[in-house]
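Structure first, commentary second.
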Amino acid sequence: MSDAPEGSAMALPGSSSAEAASETTAEMTSRASKRRLVRVVERAGGLWTLAVLAGLILIFGFVAPGFYSQANWLATSEYAVEFMLLALGETFVIITGGIDLSVGAMLGLSSMAAAVVMAHFMGNGAGSVPLAIAGGVTAVLVGGLVGVLNGFLITKLRVTPFVVTLGTLGMATGATYLLNNGGEVVNLPPQIADLGNSVIAGWLSVPVVITAALCVVCWLALSRTRFGLRTYAIGSNPLAARRAGINVDRHLINVYLISGLLAGVAGLMVMARFASASPVYGATDNLTAIAAVVIGGASLFGGRGTVLGTIVGTFIVSILVTGLILAHVEPFWQEVAVGMILIAAVAADQVRVRLLAR
Amino acid sequence: MGWSFYGTPKYRDPERRGPGWRRLVNAVALASVAFGAAACGSTSSTSSSSSSTSSSSSSTSPASITVAFVPGTTTNPFYITMQAGAQAEANKLGIKLLWQGGTEWSASNQTPYVDALLADHPSALVIVPTDATAMQAPIQQFVSAHIPVITADTTITDTSLLNSRITCNNTSGGQQAADELASLIGDAGQVAIINNEPGVTTDDQREDGFAQEMAAKYPNVSIVATEYDDESVTTADAQTSTLMLAYPNLKGIFAIDTPSGEGVGSALQSAKAEGKVFGVAYDAAPQEATLLQQGYLSALVIQQPALEGSTAVQYAYDLVTGHKSEVQSNVVLPDVLATTSDASSPSISKYFYVSSLSGS
């Protein structure tokens with residue numbers, strides 16, 4: 001949890017120390033204890049949501065036999081892949097104060113484009129392994145292209161991210177239908193199905209490993225690099241970031257590019273898992289991805305959010321789906337429970353914010 | 001009036017002459033079509049009716065007939081297959097087919113298409129209503145404009161508005177699924193259902209048919225859970241994996257539609273559960289058909305969307321050309337049951353849905 005929001009960490013100690021000099025000793029000690037509390041809470045960072053996740057895991061382990069099984073881990077982790085990849089990209093975007101509503105549509109478009117390319121060349125007797133690679137590259141490229149388009153429209157035309165990505169959501173969805181007249185594509189190279197369904201050592205499916213690797217890359221990029229620092233800076237105060245010499249436009253285009261690339265990878269993973277591409281892939285994913293990021297402690301106003309928080313948020317969302325079935329909860333009550341736990345997770349995080357603000 | 005400057009008569013003349021002239025051409029054209037059809041004998045299949053009957057009362061040429069067809073969604077293989085059937089029939093009759101619809105199953109999404117089509121004043125409307133009550137008002141407009149309306153697949157509550165309704169029987173389809181699944185699991189054990197979302201009539205009928213059949217005929221089979229996947233393959237997949245874990249003795253799953261069928265098949269495949277847990281699904285989209293052939297799904301209940309589409313267009317043509325007697329007010333088409341063992345035979349695989357029109 002060491003990648004807790006750096007923006008807020010920088011602001012707090014500096015502002016209070018100057019005032020503290022003129023205080024009485026009694027007040028000073030009370031201030032000091034408060035500051036200690038603040039530091040503890042701060043260090044805890046995303047721990048609040050982590051506590052919610054741990055609580056869920058404990059409760060489900062207690063009420064749902066088989067929750068701690070290999071099969072449930074596989075089901076839950078594979079289910080999480082799609083949302084994790086979309087939420088990772090969404091984390092960067094939300095930290096800059098933007099929103100990307102087109103992630104689900106980019107997933108659908110990139111998987112359909114890759115499938116159409118592969119199905120087209122399959123008939124011509126092309127080799128299967130190069131074809132599978134070509135499909136993978138197509139998926140990632142198409143996602144990246146839509147991402148760049150998002151970033152370009154947002155920065156150059158000065159249209160708000162909400163409107164731009166709502167527009168590209170529609171365009172990408174329409175393009176998905178156009179690619180194969182709204183139909184499914186099946187009959188893909190078997191190597192693609194191998195990619196989506198191989199399991200290493202019984203516990204780690206290949207898509208999960210790929211996703212975990214991308215999580216590490218994103219975590220490093222956001223918490224250990226200048227790129228990450230600038231992402232927070234732009235989200236905290238775009239004007240100040242610009243004055244500080246950051247090329248905000250270029251940075252934002254890169255951020256939306258990342259979101260698009262990750263959606264492309266997600267499209268590839270879903271297509272590989274089901275060895276087919278359907279226009280309904282990703283259609284209902286937007287809100288889940290955004291919810292996972294927000295549960296992870298990100299602020300929709302920008303400047304706040306972490307990759308670890310997003311990982312925790314995504315697992316909360318996924319564990320609810322599998323855990324509630326395992327606990328034999330009626331499906332209609334499942335919906336109620338999911339809604340309640342989402343609010344509880346964000347409320348727990350708000351408590352932390354309030355403690356920090358004191 | 002007769003001496004008005006700007007040629008009212010000139011404007012009117014072709015109008016007056018038009019219908020008469022057109023009627024002559026139409027009569028000739030239709031007579032030749034009828035003659036041609038009669039000459040061809042009884043080659044046309046199933047419910048072909050009007051083209052071989054007399055053309056005496058007809059006043060419309062095929063080329064001027066436009067049938068507006070609004071599917072439930074334009075992206076589901078079921079409706080793409082229906083479109084293929086409808087288009088083939090329209091081509092055969094030489095009439096125009098206007099295929100228009102939304103990409104999402106909802107009355108609010110469908111209504112604008114229906115409203116817009118009214119402005120085109122088609123000869124007949126065929127519609128797959130996305131809501132039994134909400135779609136009545138848009139359909140009423142067509143009835144008021146004296147445009148015949150036929151429903152396909154689903155229907156509306158007030159059937160008096162309709163000239164015909166054509167559907168596959170979802171209740172009996174659910175029963176077929178129950179019979180097949182029961183025989184697969186030896187008439188005893190736990191089964192589960194993966195549904196789409198609550199409140200979709202066709203899906204609920206399938207579930208009811210399935211549940212009633214199980215309750216009536218197979219007392220040793222218990223339905224232990226019903227999950228809703230919101231039309232997400234990924235969710236259906238995760239739910240299936242989890243259900244197998246939550247109910248270790250689970251022997252079968254009934255998937256109510258295409259996304260759930262694909263999710264169930266995929267989950268059974270990755271759990272290597274074929275032979276232990278049996279999946280029976282509705283519909284036969286390409287991926288479902290593949291899973292059936294591979295044995296990850298054991299059986300499919302296949303509807304006949306192509307026949308629904310072609311029959312609807314046929315009836316629309318009959319209504320417009322004055323052959324009301326040929327039109328049955330309620331047509332229920334039988335479902336086809338495909339199993340892994342007969343999935344590759346052409347007599348079954350011809351019922352599989354198509355994913356694009358170019359393939360048909």
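The values are calculated or read from the model by the stated rules, or taken from the named source; none is laboratory data. All of these numbers come straight from a predicted model, not from anything done at the bench. Virtual Cβ from ideal backbone geometry, glycine too; neighbours counted across all protein chains shown.
Report whether or not A:Gly127 is at pLDDT below 90, crowded, with 16+ Cβ neighbours inside 10 Å, away from chain B (no Cβ under 14 Å) and over 19 Å from A:Met269 (Cβ atoms).
no
Only one of these conditions is not met by B:Ala284: (1) closer than 15 Å to B:Val354 by Cα; (2) not in a loop (DSSP other than H, G, I, E, B). Which number is it?
(2)
For residues that are of a type in the set (Asp, Glu) and under 27 Å from B:Val336 (Cα atoms), tally how many sit in segment B:138-173.
Residues of segment B:138-173 that are of a type in the set (Asp, Glu), as a first pass: B:153, B:158.
Keeping just the survivors that are under 27 Å from B:Val336 (Cα atoms) gives B:153.
So the count comes out to 1.
Do we have any residue at all in segment A:94-105 that's surrounded by 24 or more Cβ atoms within 10 Å (Cβ to Cβ), touching a Cys at 6+ places or on another chain (Cβ under 8 Å), away from chain B (no Cβ under 14 Å) and modelled with pLDDT of 90 or more?
no
Does A:Gly305 fit the bill of being surrounded by 20 or more Cβ atoms within 10 Å (Cβ to Cβ), within 13 Å of the chain's Cα centre (by Cα) and within 23 Å of A:Ala241 (Cβ to Cβ)?
yes
Taking segment B:244-268 as the region of interest, how many residues are over 28 Å from B:Ile80 (Cβ atoms) and more than 9 Å from chain A (Cβ to nearest Cβ)?
Qualifying residue count, segment B:244-268: 4.
Give the residues of segment B:325-338 that are more than 19 Å from B:Gln83 (Cα to Cα) and touching an Asp or Glu at 6+ places or on another chain (Cβ under 7 Å), sorted by residue number.
B:Glu326, B:Val327, B:Leu337
State the number of residues belonging to segment A:152-202 that are within 13 Å of another protein chain (Cβ to nearest Cβ), under 21 Å from the mean Cα position of the chain (by Cα) and polar (S, T, N, Q).
The qualifying residues number 1.
Give segment A:222-271 a look and list any residue that's within 18 Å of A:Val148 (Cβ to Cβ) and among the small types (Gly, Ala, Ser), or say none.
Those that are within 18 Å of A:Val148 (Cβ to Cβ) and among the small types (Gly, Ala, Ser): A:Ser259, A:Gly260, A:Ala263, A:Gly264, A:Ala266, A:Gly267.
Going through B:Ala225, B:Ala236, B:Ala271 one at a time, which residue ends up being within 29 Å of the chain's Cα centre (by Cα) and facing chain A (nearest Cβ under 9 Å)?
Testing whether each residue is within 29 Å of the chain's Cα centre (by Cα) and facing chain A (nearest Cβ under 9 Å) leaves just B:Ala225.
Give segment B:190-206 a look and list any residue that's at pLDDT 95 or above and closer than 10 Å to B:Ile256 by Cα, or say none.
B:Ile193, B:Ile194
Please go through segment A:262-310 and pick out each residue that is closer than 22 Å to B:Thr74 by Cα and away from every other protein chain (no Cβ under 14 Å).
none
Filter segment A:203-217 down to the residues that are in a helix (DSSP H, G or I) and within 14 Å of another protein chain (Cβ to nearest Cβ) and list them by number.
Filtering segment A:203-217 for residues in a helix (DSSP H, G or I) gives A:206-217.
Result: A:Val206, A:Pro207, A:Val208, A:Thr211.
Considering only strands (runs of 3 or more DSSP E) fully contained in segment B:164-264, which possess at least 1 residues that are acidic (Asp, Glu)?
It comes to B:221-228.
Quick check on my filter: what residues within segment B:313-347 are free of Cβ contacts under 8 Å to residues at least 24 places away in the same chain, among the polar types (S, T, N, Q) and within 13 Å of B:Ala289 (Cα to Cα)?
B:Ser341, B:Ser345
For segment A:61-84, check the following and say yes or no: at least one residue is away from every other protein chain (no Cβ under 14 Å) and either surrounded by 24 or more Cβ atoms within 10 Å (Cβ to Cβ) or hydrophobic (A, V, I, L, M, F, W, C) (or both). Give the steps one after another, and end with the answer.
To start, the set of residues in segment A:61-84 that are away from every other protein chain (no Cβ under 14 Å) comprises A:62.
Among the residues that remain, those that are also either surrounded by 24 or more Cβ atoms within 10 Å (Cβ to Cβ) or hydrophobic (A, V, I, L, M, F, W, C) (or both) are: A:62.
Scanning segment A:61-84, I find at least one residue that is away from every other protein chain (no Cβ under 14 Å) and either surrounded by 24 or more Cβ atoms within 10 Å (Cβ to Cβ) or hydrophobic (A, V, I, L, M, F, W, C) (or both), so the answer is yes.
Please return the ranges of helices (runs of 4 or more DSSP H) entirely within segment A:218-325 where 2 or more residues are within 27 Å of A:Gly196 (Cα to Cα) and modelled with pLDDT of 90 or more.
Because the criterion is at least 2 residues that are within 27 Å of A:Gly196 (Cα to Cα) and modelled with pLDDT of 90 or more, the helices (runs of 4 or more DSSP H) in segment A:218-325 that meet it are A:248-274, A:286-295.
Among all residue pairs at least 6 apart or on different chains, which show Cβ distances below 7 Å where the first residue, located in segment B:286-312, is within 14 Å of another protein chain (Cβ to nearest Cβ) and closer than 20 Å to A:Gly182 by Cα and the second is of a type in the set (S, T, N, Q) and in a helix (DSSP H, G or I)?
Listed pairs, sorted by first residue: B:Glu288/B:Thr258; B:Pro305/B:Thr81.
Collect the residues in segment A:322-346 that are within 14 Å of another protein chain (Cβ to nearest Cβ) and buried (at least 23 other Cβ atoms within 10 Å of the Cβ), keeping them in residue-number order.
A:Thr322, A:Gly323, A:Leu324, A:Ile325, A:Leu326
If B:Asn109 satisfies every condition in (1) touching a residue at least 40 places away in the same chain (Cβ under 8 Å); (2) in a helix (DSSP H, G or I); (3) within 14 Å of chain A (Cβ to nearest Cβ); (4) not charged (D, E, K, R) but one, which is the exception?
All conditions pass for B:Asn109, except number (1).
Which numbered condition in (1) buried (at least 21 other Cβ atoms within 10 Å of the Cβ); (2) aliphatic (A, V, I, L, M); (3) within 28 Å of B:Phe352 (Cβ to Cβ) is the only one that B:Leu98 fails?
Answer for B:Leu98: the failing condition is (1).
Which condition does A:Val163 not pass, out of (1) under 24 Å from A:Leu188 (Cα atoms); (2) surrounded by fewer than 24 Cβ atoms within 10 Å (Cβ to Cβ), if it passes all the others?
Going through the list (1) under 24 Å from A:Leu188 (Cα atoms); (2) surrounded by fewer than 24 Cβ atoms within 10 Å (Cβ to Cβ), A:Val163 breaks only (1).
Would you check which residues across segment A:175-193 are free of Cβ contacts under 8 Å to residues at least 12 places away in the same chain and surrounded by 15 or more Cβ atoms within 10 Å (Cβ to Cβ) and list them?
Residue satisfying the conditions is A:Asn181 alone.
Quick grid of which residues meet (1) within 16 Å of the chain's Cα centre (by Cα); (2) part of a loop (DSSP other than H, G, I, E, B); (3) assigned by TED's automatic domain parsing to the domain that holds B:Ile256:
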residue	(1), (2), (3)
B:Ala63	no, no, no
B:Val67	yes, no, no
B:Gly72	yes, yes, no
B:Thr75	yes, yes, no
B:Thr81	yes, no, no
B:Asn91	no, no, no
B:Leu97	yes, no, no
B:Thr103	yes, yes, no
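Confirm whether A:Ser259 is within 17 Å of A:Val142 (Cα to Cα) and either in contact with a Gly (Cβ under 8 Å, 6 or more places away or on another chain) or not hydrophobic (A, V, I, L, M, F, W, C) (or both). Full working, then the answer.
Details: within 17 Å of A:Val142 (Cα to Cα): yes; either in contact with a Gly (Cβ under 8 Å, 6 or more places away or on another chain) or not hydrophobic (A, V, I, L, M, F, W, C) (or both): yes.
It is true that A:Ser259 is within 17 Å of A:Val142 (Cα to Cα) and either in contact with a Gly (Cβ under 8 Å, 6 or more places away or on another chain) or not hydrophobic (A, V, I, L, M, F, W, C) (or both).
For B:Asp283, work out the one condition from (1) at negative phi; (2) surrounded by 24 or more Cβ atoms within 10 Å (Cβ to Cβ) it doesn't fulfil.
Here B:Asp283 clears every test but (1).
Any chance you could count how many residues in segment B:303-346 are surrounded by fewer than 19 Cβ atoms within 10 Å (Cβ to Cβ) and in a loop (DSSP other than H, G, I, E, B)?
Number satisfying all stated conditions: 6.
Name the residues in segment B:347-360 that are assigned to a loop (DSSP other than H, G, I, E, B) and within 14 Å of chain A (Cβ to nearest Cβ), would you?
B:Phe352, B:Tyr353, B:Val354, B:Ser355, B:Ser356, B:Ser360
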